[in-house]
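Here's the structure we're looking at; comments come further down.
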Amino acid sequence: PSRHRRCEEKAREGSERPDWATDRAGSGGERRGTMRLGQWGRGQPTSTQAGARIRARPPRGRRFSRLPLLPPRAPPLSTCRVTEGSRRARARGSEGGAGLPSTSSSSAVEWQGKEGGDPTRSLSHWSVVIPTYNRLPILTKCLDALERQRLDSSTSASACAVRSFEVVVVDDGSTDETVAAVRSRVASGAWARVRLVAGGTNRGAAAARNIGVAQARGGVVVFIDSDLVVAEDFLAEHARALGEAMAGPGQGQGHFFTYGAVINTSNFDAPWTEKMKVSDHSAAFFATGNVAIPYATLMEASETASANAHAADADSREEEEGGRSRSNSDDDNGDEAERAAATAAMAGPFDASFSTYGWEDLELGERLRAVAGGCRLVRAPGAKGFHWHPAFRLEDLPARVEQEVQRGANGIKFWRKHPNFRVRLMIQYTPFHYFLWWLLTLGGLLSARRMQRLGLLRWMEARLGLKAKRWWPRLLGALLVPALNWECVRATFRAAKEAKAAKAAPS
């Protein structure tokens, strides 16, 4: 302790060396560093200009490693970076409440997520966003599981401890009884944390998630699908992993998000009994099946700088000039509610032009990779979600083929936004993938569409009595993997050809 006091006194007098960068420059042992005022210890550096460039030589006869330098003061644990992009997103307004605290500085600042501050963006208040479309039975299990969450008290000192949470369910134009059933359960108090947002029109998962983000009030946003049944410690495990990442070396620098385990199961009655399998592991960087991300990080990678966002701003200004107020009531199905939903759908972090199946979450992941300071994925294997997949039936084949065709077309849209080799591998837009699936389908003879027309699999099922076998759905799914991938790759190359022809055509 006395040594540290002496160091402080020397630092105040300006006789102590500043906090050095560790890289060498030249052969004479010179060291260069960039240092800002107030960055090291309690004393101020001898330089009179913040961010001044320092070029100095350690004193002769002393080894630099033995200089009694004070360590840099660590930022608070409950810190979340807020930059100009997130301030612009906040300024546009969110449908569900206040946003991040505003600031007049144009450079990146740090926002303290303190208790007693703005509760709508506290890191201890979480928002779970769930888009849904005609999935009432499994959605019921999903929401029941979220109501049973145990908030672990051992993480109370963490930067992202969950002290309260909400569940924002966005109905994407369901034609079943989803809206009426959810409203009934909410009114009865069975789902006390649930807020239903009826989008009115089927716009796709990306737009539905944007609406959910606009309605969310939490400092951390969790994305899951409506067919995911989570474990009782799901949120606590996400909070533990995110808090440890923020409290680790270099805390407050860069961005983090957590990705939990997604366990596929066909057991509807008790999905939580399924064990983790090798096929359940995913290499995706950002997949919305089970992910938790700070709101500020999400907004920094937002699409709100696009033309869609400018159109949304124009709508907002038009409403303000007309003296109209936006309605947040779930029961308001008028024109204003529809316009508010359309604005939120186009102005959120997801690209709403991905209105069909595939790639909207991984496209956002590519933008997250490019945010200032970098964005790092943190695994949270304890945050388990059980993804219900009904057993495959031949009756489902036409819908699966259409899904793969949509995925292929969206893949080219994804690649045109991010034309790098990593994306090409993800969407299988390479000659290798084309030749691989062409070969495994015998030159396309065993395509899913052809087998469907010929009725070959249906004949096998009826002739051999396979429909009654428990192992048949899994085997059928495995047999159709090459055929479905061939449909996807063909759609990808076809969409690429059409995009090139459209670009070459005279305007």
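The values are calculated or read from the model by the stated rules, or taken from the named source; none is laboratory data. For clarity, every value in this text was computed on a predicted model and none was experimentally measured. No Cβ is skipped: glycine too gets one built from the backbone with ideal geometry, and neighbour counts run over all protein chains shown. To get the accessible areas, we keep the full protein, side chains included, count just its heavy atoms, and leave off ligands, DNA and RNA. Shrake-Rupley method; radii C 1.70, N 1.55, O 1.52, S 1.80 Å.
Take the range 397-411 and flag every residue that is open to solvent by less than 20 Å² (accessible area, probe 1.4 Å) and of a type in the set (S, T, N, Q).
Matches in the range 397-411: 410 only.
Filter the range 423-445 down to the residues that are without any contact (Cβ under 8 Å) to a residue 40 or more places away in the chain and of a type outside the set (Ser, Thr, Tyr) and list them by number.
Answer for the range 423-445, where residues must be without any contact (Cβ under 8 Å) to a residue 40 or more places away in the chain and of a type outside the set (Ser, Thr, Tyr): 424, 425, 431, 432, 435, 436, 439, 442, 443, 445.
Could you list, in sequence order, all residues of the range 162-210 that are in contact with a His (Cβ under 9 Å, 6 or more places away or on another chain) and hydrophobic (A, V, I, L, M, F, W, C)?
Across the range 162-210, the qualifying residues are 162, 165.
Among the listed residues 462, 448, 495, which satisfies the condition of being of a type in the set (A, V, I, L, M, F, W, C) and over 35 Å from the mean Cα position of the chain (by Cα)?
That would be 462, the only listed residue that is of a type in the set (A, V, I, L, M, F, W, C) and over 35 Å from the mean Cα position of the chain (by Cα).
Each row is one residue, and each column tells you yes or no for (1) farther than 23 Å from residue 346 by Cβ; (2) surrounded by 22 or more Cβ atoms within 10 Å (Cβ to Cβ); (3) over 15 Å from the mean Cα position of the chain (by Cα).
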| site | (1), (2), (3) |
| --- | --- |
| 209 | no, yes, no |
| 214 | no, yes, no |
| 220 | yes, yes, no |
| 231 | yes, no, yes |
| 237 | yes, yes, yes |
| 240 | yes, yes, yes |
| 244 | yes, no, yes |
| 247 | yes, no, yes |
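Select from the range 345-357 the residues that are open to solvent by less than 10 Å² (accessible area, probe 1.4 Å) and either farther than 16 Å from residue 297 by Cα or assigned to a helix (DSSP H, G or I) (or both) and list them in ascending order.
Listed by number, the residues that qualify are 345, 354.
What number of residues within the range 361-390 satisfy the criterion of being open to solvent by less than 20 Å² (accessible area, probe 1.4 Å), of a type in the set (D, E, K, R) and out of contact with any Lys or Arg (no Cβ under 7 Å at 6 or more places or on another chain)?
Within the range 361-390, residues that are open to solvent by less than 20 Å² (accessible area, probe 1.4 Å), of a type in the set (D, E, K, R) and out of contact with any Lys or Arg (no Cβ under 7 Å at 6 or more places or on another chain) number 1.
Among the numbered criteria (1) touching a residue at least 40 places away in the same chain (Cβ under 8 Å); (2) among the β-branched types (Val, Ile, Thr); (3) more than 21 Å from residue 369 (Cα to Cα), which single criterion is violated by residue 258?
Just one mismatch for residue 258, condition (3).
Based on this model, can you work out whether residue 142 counts as at pLDDT 90 or above and either in contact with a helix residue (DSSP H, G or I) (Cβ under 6 Å, 6 or more places away or on another chain) or among the hydrophobic types (A, V, I, L, M, F, W, C) (or both)?
yes
A quick yes/no check of all residues on (1) closer than 29 Å to residue 296 by Cα; (2) in a helix (DSSP H, G or I):
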| residue | (1), (2) |
| --- | --- |
| 371 | yes, no |
| 376 | yes, no |
| 384 | yes, no |
| 405 | no, yes |
| 413 | yes, yes |
| 426 | yes, yes |
| 445 | no, no |
| 450 | no, yes |
| 453 | no, yes |
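So that you can scan it fast, the table gives a plain yes or no per residue for (1) over 22 Å from residue 367 (Cα atoms); (2) at pLDDT 90 or above; (3) under 19 Å from the mean Cα position of the chain (by Cα); (4) open to solvent by 20 Å² or more (accessible area, probe 1.4 Å):
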position: 258; (1), (2), (3), (4): no, yes, yes, no
position: 261; (1), (2), (3), (4): yes, yes, yes, no
position: 271; (1), (2), (3), (4): yes, yes, no, no
position: 278; (1), (2), (3), (4): yes, no, no, yes
position: 292; (1), (2), (3), (4): no, yes, yes, no
position: 300; (1), (2), (3), (4): no, no, yes, yes
position: 310; (1), (2), (3), (4): no, no, no, yes
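Which ones in the range 162-185 are open to solvent by 50 Å² or more (accessible area, probe 1.4 Å), more than 25 Å from the chain's Cα centre (by Cα) and of a type outside the set (Asp, Glu)?
Scanning the range 162-185 gives 175, 180, 183, 184, 185.
When you check residue 386 against the structure, is it within 30 Å of residue 145 (Cβ to Cβ), touching a helix residue (DSSP H, G or I) at 6+ places or on another chain (Cβ under 6 Å) and in contact (Cβ under 8 Å) with a residue 24 or more places away in the chain, yes or no?
So residue 386 fits the description; yes.
If only one of 458, 470 is among the charged types (D, E, K, R), outside any helix (DSSP H, G or I) and either in contact (Cβ under 8 Å) with a residue 24 or more places away in the chain or loosely packed, with under 12 Cβ neighbours inside 10 Å (or both), which one is it?
Sole residue among the options that is among the charged types (D, E, K, R), outside any helix (DSSP H, G or I) and either in contact (Cβ under 8 Å) with a residue 24 or more places away in the chain or loosely packed, with under 12 Cβ neighbours inside 10 Å (or both): 470.
Yes or no: residue 434 among the hydroxyl-bearing types (Ser, Thr, Tyr) and not in a helix (DSSP H, G or I)?
no
For the condition of a type in the set (Gly, Ala, Ser) and closer than 29 Å to residue 267 by Cα, what is the one hit in 411, 455, 444?
The match here is 455.
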